[in-house]
1. What is the gain in length, in nm to one decimal, between residue 25 and residue 6 on full extension, counting 0.36 nm per residue of separation less the C-alpha to C-alpha distance?
2. Please list, in order along the range 19-29, the HN-Hα scalar couplings obtained from phi with the Karplus expression 6.51 cos²θ - 1.76 cosθ + 1.60 (θ = phi - 60°), rounded to whole Hz, x for Gly and Pro.
3. Count charges around residue 43 for me, please; just the other residues with Cβ under 14 Å from its Cβ, Lys/Arg as +1, Asp/Glu as -1.
4. Using a Förster radius of 35 Å, what is the FRET efficiency between residue 58 and residue 17 based on their Cβ-Cβ separation? Nearest 0.05, please.
5. Of the listed peptides 32-44, 53-65, what is their order by residue-averaged count of other C-beta atoms within 10 Å, with the highest listed first?
Amino acid sequence: MEEPLSEQWMRIYTYVFTQSMKFKKVEVPEDLRRESLSDYDMRELNDLKTWIYQKRVQHRKEKAKAERQAGSQVEEEKDKELKTETVQPSFF
């Protein structure tokens, strides 16, 4: 990290931390606990979730495209291997 987190993102990350620890049923220390966010912070968190989701979808699409391209290259190589050429027999 090049610089420390802003106060806003610190609130957001402590809120997410608190929620994830509740999900795991682990007690969160009082100084790290954050039970709610302001509307603005919640919008920023939702924007972050949307951005993460879009990156995941983009990565899956790129991976599937690369697999399709690799699969077509393998098929082309198999076709080349199976392709037979008629050769005129040589006499002596």
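The numbers here are math on the coordinates, done by the rules we state, and not lab data. This one's a predicted model, so the numbers in the text were calculated from it and none came from an experiment. Neighbour counts are summed over all protein chains in view; Cβ atoms, including those assigned to glycine, are modelled from backbone coordinates with ideal geometry.
1. Fully extending the segment from residue 25 to residue 6 adds 4.0 nm.
2. Calculated HN-Hα couplings, in order: 5, 5, 6, 5, 4, 7, 6, 10, 6, 9, x Hz.
3. Taking every Cβ under 14 Å from that of residue 43, the sum is -2.
4. 0.85
5. Descending packing order for the listed peptides: 32-44, 53-65.
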